[in-house]
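Nothing in this text is a laboratory measurement; each read-out follows from the coordinates by a stated rule. Treat the numbers as computed from the prediction; the structure is a model and nothing was measured. Neighbour counts are summed over all protein chains in view; Cβ atoms, including those assigned to glycine, are modelled from backbone coordinates with ideal geometry.
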Amino acid sequence: MKTEYEIKAMWDSEAGVWVASSEEVPGLCTEAETLEILIEKLKTIVPELLQANSVVFPPHPLSFHIVSERTEMVEV
């Protein structure tokens with residue numbers, strides 16, 4: 001059984017939020033104003049989604065790896 005899940009966090013500059021999704025966590029799509037707040041939300045949401053989709057059953061330790069990307073433009 002998998003114990004580490006990859007989550008992608010992308011900065012949405014128009015909305016001003018980080019958006020998280022994952023091919024490994026069915027149904028994951030959430031957002032937050034900061035990466036730190038997003039991580040705290042993921043600590044609750046990821047286990048709930050994995051249990052709801054019968055991927056893991058408690059007690060089962062798991063971790064998630066966040067791959068983040070943010071692009072900024074600067075006038076020169």
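General observations
- Going from the residue with the fewest nearby Cβ atoms within 10 Å to the one with the most, 41, 2 rank 2, 41.
- The C-alpha radius of gyration of the range 4-66, expressed as a fraction of 2.2 N^0.38 Å, stands at 1.10.
- In a reduced charge model with +1 at each Lys and Arg Cβ and -1 at each Asp and Glu Cβ, the chain shows a dipole moment near 400 debye about its Cα centre.
- When you filter the chymotrypsin sites (Phe, Trp or Tyr not before Pro) in the chain for DSSP loop state and at most 11 other Cβ atoms inside 10 Å of their Cβ, nothing is left.
- Coupling constants for the range 65-76 follow from the phi torsions by the Karplus curve (6.51 cos²θ - 1.76 cosθ + 1.60, θ = phi - 60°), and in residue order they are 10, 9, 9, 10, 9, 8, 10, 10, 10, 10, 6, 10 Hz; glycine and proline get x.
- Built amide H within the under 5 Å cut-off of residue 5, gap 5+: 63, 64, 65
- Neighbour-count order for 6, 14, 24, fewest beta carbons within 10 angstrom listed first: 14, 6, 24
- Here's the picture: charge each Lys and Arg Cβ at +1 and each Asp and Glu Cβ at -1 in the chain, and of 30, 62, 17 the one pushed furthest to the positive end of that dipole is 62.
- Principal-axis analysis of the Cα atoms of the chain puts helix 35-52 at an angle of about 30° to the longest axis.
- Residue-wise HN-Hα couplings along the range 2-12, as the Karplus relation 6.51 cos²θ - 1.76 cosθ + 1.60 with θ = phi - 60° gives them from phi, are 5, 10, 10, 10, 8, 10, 9, 10, 10, 7, 9 Hz; Gly and Pro carry x.
- Stretch gain in nm, segment residue 3-residue 57, where the contour uses 0.36 nm per residue and the Cα spacing is subtracted: 18.3 nm
- The H on the amide N of residue 56, modeled in the peptide plane, is under 5 Å from the matching H of 51, each at least 5 residues off or on a different chain.
- When the helices of the chain are scored as -39500 (n - 2.57) per DSSP H run of n ≥ 4 and the total is divided over every residue, the value at 222 nm lands at -8000 deg cm²/dmol.
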